[in-house]
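Written out below as structure tokens is the structure these notes cover.
The values are calculated or read from the model by the stated rules, or taken from the named source; none is laboratory data. None of the values given here were measured: they were computed from a predicted structure. Glycine gets a Cβ as well: all are built from the backbone with ideal geometry, and neighbour counts include every protein chain shown.
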Amino acid sequence: MFRRFLLFLLVLALAGTVWLRDPPHSHNPSQAVTVTALPLAGAAAVNLAPFRITGAWQLSSANSNFGGYSALVVPARGWLRAYSDLGQRLELPQPGQPGQPFQAGLFGPEAHAKSMRDVEAASRDPLTGETWLTAEGANVLLRLDSRARVAARFKPREMRQWSVNSGAEAMLRRRDGSFLVLAEAYARLGWTGHEALHIAPATDGSPGVAERFVFEGPAGFRPTDMAELPDGRVLILTRRLRWPMPPRFGTWLVLADPREIMPGQSWQSTPLVSLDGTGLEENYEGLAIEPLVDGRLAVWLISDSNGAVTQRTLLLRLELDPADLPATRAKQKAPG
């Protein structure tokens, strides 16, 4: 989670000057969200294969709690749902679709506990439709009921030593009922990747036995979200802070196969595309995949503005034909 880190850097560099964040203001409960289409000329000049960018929008609102979105799901056709590190959710019709956006508190009374509302990842169970979240401040998995209330919480023993600032950053509830959880922090000494868990489902569908492994992404890039592809492989969003003042970010989308996960070993990924040079670079932390009627996929990304005046809340839509992805490597037995 970048908010504290950015604050620390800017305090050091700009001591005695104004912190470049939105100025304080009184509470505004506005439910209006402005969606502004952005030009795609810069992106069109960059080779994004196997993806094709089909839309980019800047989101803004007078709502006091707007922004900071770190997780994204597609709850129903034509809609998006984003979760923030302020414990808020944003229901938004996909650009061009009818509907009124609205924003609501996520945890009710628990929203006052920062450790329980620092949502960094969300995954919609493909079988039950339930939503699972990770709260990085507490490093727990949360299952929400149909009224967006916490119905159950789980804290695997293997996550208890994870940092509250760089812990559970990406999470996926797979179609087989298992979970993948990736930490933002790097793994222990001697490894170049990130702490990660494969969690088998218990008999009641809740998280069961966890096995550790290490996720290997592009050098210097940290995982921020992931989503499952139709063939069972995983698309992973990774991010790198390149210049802290003002913040500038790099983004890579990478591909990895859970069948290649081996307990205690490195899980290798294949870089697919960078957003460098598109003019749409930002701090992307939310990723969702939506199947389309012709077999292609819509890949949605949303950025976390960190409450900084130098950053934006951007929404991107890319399209992908799964047939254009690299071939699956030799199959190996996944843990569990």
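Observations
- Residues being closer than 15 Å to E228 by Cβ and either out of contact with any strand residue (DSSP E or B) (no Cβ under 6 Å at 6 or more places or on another chain) or surrounded by fewer than 22 Cβ atoms within 10 Å (Cβ to Cβ) (or both) - total across segment 115-127: 4
- Selection status of S274, over 24 Å from R174 (Cβ atoms), touching an Asp or Glu at 6+ places or on another chain (Cβ under 6 Å), modelled with pLDDT of 95 or more and small (G, A, S): no
- Some residue of segment 164-171 being of a type outside the set (A, V, I, L, M, F, W, C) and at pLDDT 95 or above: yes
- Residues that are part of a strand (DSSP E or B), modelled with pLDDT under 95 and not small (G, A, S), drawn from segment 93-104: F102, Q103
- Count of segment 125-181 residues, restricted to those that are of a type outside the set (A, V, I, L, M), within 18 Å of the chain's Cα centre (by Cα) and assigned to a strand (DSSP E or B), is 7.
- Among the residues of segment 169-195, the ones that are surrounded by 14 or more Cβ atoms within 10 Å (Cβ to Cβ), aliphatic (A, V, I, L, M) and more than 20 Å from I289 (Cβ to Cβ) come to 3 in all.
- The residues of segment 128-139 that are modelled with pLDDT under 90 and surrounded by 23 or more Cβ atoms within 10 Å (Cβ to Cβ) amount to a single one, E136.
- In this structure, L241 does not qualify as touching a residue at least 60 places away in the same chain (Cβ under 8 Å), buried (at least 18 other Cβ atoms within 10 Å of the Cβ) and either of a type in the set (S, T, Y) or closer than 21 Å to A71 by Cα (or both).
- Segment 70-85 - residue that is of a type in the set (A, V, I, L, M) and surrounded by fewer than 19 Cβ atoms within 10 Å (Cβ to Cβ) and, of those, modelled with the highest pLDDT: V74
- Residue within segment 327-336 that is modelled with pLDDT of 95 or more, crowded, with 16+ Cβ neighbours inside 10 Å and among the hydrophobic types (A, V, I, L, M, F, W, C) present: no
- Residue in segment 22-69 that is surrounded by the most Cβ atoms within 10 Å (Cβ to Cβ), counting only those that are under 23 Å from the mean Cα position of the chain (by Cα) and of a type in the set (S, T, Y): Y69
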